[in-house]
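A short write-up of the structure that comes next.
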Amino acid sequence: MTTVRTPPPPRLPVRDRAAGTSANGGVSPMLSRLADERATGVLIREHGTLYLADGQVVHAESPSTPGLDVLLAARGVLDAEAWREAVAAAGARRRVGRFLVDHGRIAEGALELCHLGALYDAAYFVLGPSGSPTRFRYGAAHWLGPVHPVPVAALERETVRRRELLHRIWPDPATDTAPLLRSGLPAGPSVPLRQEAVLGRVDGVRTAADVSVALGRPAFHTLVDLRRLAAAGLVGAVPAPQPPPLPGVLTQPSADPDVALLRRLRDALEAL
């Protein structure tokens, strides 16, 4: 009979104070080069795309985040019909944002504010760790048109800041992508209403991205709430199914994650 040792779980991410470097796992060297070139086009990565104009980021999209139209509708700023009208009328000319403002559908300041929030939200996921090649298509432009360009350096700094914030709250990123499950513990009166709304969407099937769309909230804000709920022991990731053992092979049981140790790590990081 053969004994197979189960490999240990992967190490948790370690905080890196050197912002703006590839060691953070969230910054693309190609993006920095394109900024220096003042390039125009679309950067295509595993988790989404960044649109550049003259080396600045003008739009970002990721399947992990609600689109700008969802966020505008959730805030009651713009209804779905007005959005569809603008895309149909000005999408081919890549001036949807300008159309909305010029036709009185939304104030220019409100559009800029909502667009910046959506851009930073999507860029956080686009610039996350990737196992696929990064590509750039020169000359491509988004149909929304320029609203408020963001310098690449500012986008990188914010991406790193957000990664470090999540790690300080709770160092295990499992709740960021996996289906979510409630622990069965009562939330108690200490859970804020915002987190209660997130907790109410956790059903063993939805992921953080699904919860964000259901609530019409930026995805990063949902990650923050979920990490706090995980730190309180109220939610966790649905365990991945384990393959059945091979005939005649004895496997040693793997230990459950040491939740108490994770909480001590969090407290130690917060004390730094």
So VAL211, is it among the hydrophobic types (A, V, I, L, M, F, W, C), modelled with pLDDT of 95 or more and either outside any helix (DSSP H, G or I) or within 21 Å of the chain's Cα centre (by Cα) (or both): yes
Out of (1) open to solvent by 20 Å² or more (accessible area, probe 1.4 Å); (2) more than 19 Å from THR40 (Cα to Cα), what's the single condition that is false for LEU111? (1)
Test each condition in (1) within 30 Å of ALA232 (Cβ to Cβ); (2) in a loop (DSSP other than H, G, I, E, B); (3) outside the structural domain of ARG227 (by TED's automatic domain parsing) for ARG157 and report the one that comes out false. (2)
Go through ARG266, ARG227 for me and flag whichever is surrounded by 16 or more Cβ atoms within 10 Å (Cβ to Cβ), outside the structural domain of PRO192 (by TED's automatic domain parsing), at pLDDT 65 or above and of a type in the set (D, E, K, R). ARG266
Does SER62 meet the test of being under 18 Å from the mean Cα position of the chain (by Cα), open to solvent by less than 40 Å² (accessible area, probe 1.4 Å) and of a type in the set (S, T, N, Q)? yes
Scan the range 193-208 for residues that are open to solvent by 60 Å² or more (accessible area, probe 1.4 Å) and assigned to a helix (DSSP H, G or I) and jot them down. LEU193, ARG194, GLU196
State yes or no: is ARG45 basic (Lys, Arg), modelled with pLDDT of 95 or more, buried (at least 18 other Cβ atoms within 10 Å of the Cβ) and in the same structural domain as ILE106 (by TED's automatic domain parsing)? yes
Just to be sure, is ARG33 surrounded by fewer than 15 Cβ atoms within 10 Å (Cβ to Cβ), under 30 Å from VAL211 (Cβ atoms) and either outside the structural domain of ASP210 (by TED's automatic domain parsing) or touching a residue at least 24 places away in the same chain (Cβ under 8 Å) (or both)? no
For the range 132-140, does any single residue satisfy the condition of being among the hydroxyl-bearing types (Ser, Thr, Tyr), outside the structural domain of LEU223 (by TED's automatic domain parsing), within 25 Å of GLY216 (Cα to Cα) and touching a residue at least 40 places away in the same chain (Cβ under 8 Å)? no
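Quick grid of which residues meet (1) open to solvent by 50 Å² or more (accessible area, probe 1.4 Å); (2) modelled with pLDDT of 95 or more; (3) touching a strand residue (DSSP E or B) at 6+ places or on another chain (Cβ under 7 Å); (4) under 30 Å from THR207 (Cα atoms):
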position: MET1; (1), (2), (3), (4): yes, no, yes, no
position: PRO7; (1), (2), (3), (4): yes, no, no, yes
position: ARG15; (1), (2), (3), (4): yes, no, no, yes
position: ALA19; (1), (2), (3), (4): yes, no, no, yes
position: GLY55; (1), (2), (3), (4): no, yes, no, no
position: VAL58; (1), (2), (3), (4): no, yes, yes, yes
position: ARG75; (1), (2), (3), (4): yes, no, no, yes
position: ALA86; (1), (2), (3), (4): no, yes, no, no
position: PHE99; (1), (2), (3), (4): no, yes, no, no
Residues to consider are SER183, SER190; find the one that is open to solvent by 20 Å² or more (accessible area, probe 1.4 Å), touching a strand residue (DSSP E or B) at 6+ places or on another chain (Cβ under 7 Å) and over 22 Å from LEU72 (Cα atoms). SER183
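The values are calculated or read from the model by the stated rules, or taken from the named source; none is laboratory data. Source: prediction; values computed, not measured. Ideal geometry is used to build each Cβ from the backbone, glycine not excepted, and the neighbour counts take in all protein chains shown. The area values use the complete protein model at the heavy-atom level, side chains included, leaving out ligands, DNA and RNA. Shrake-Rupley method; radii C 1.70, N 1.55, O 1.52, S 1.80 Å.
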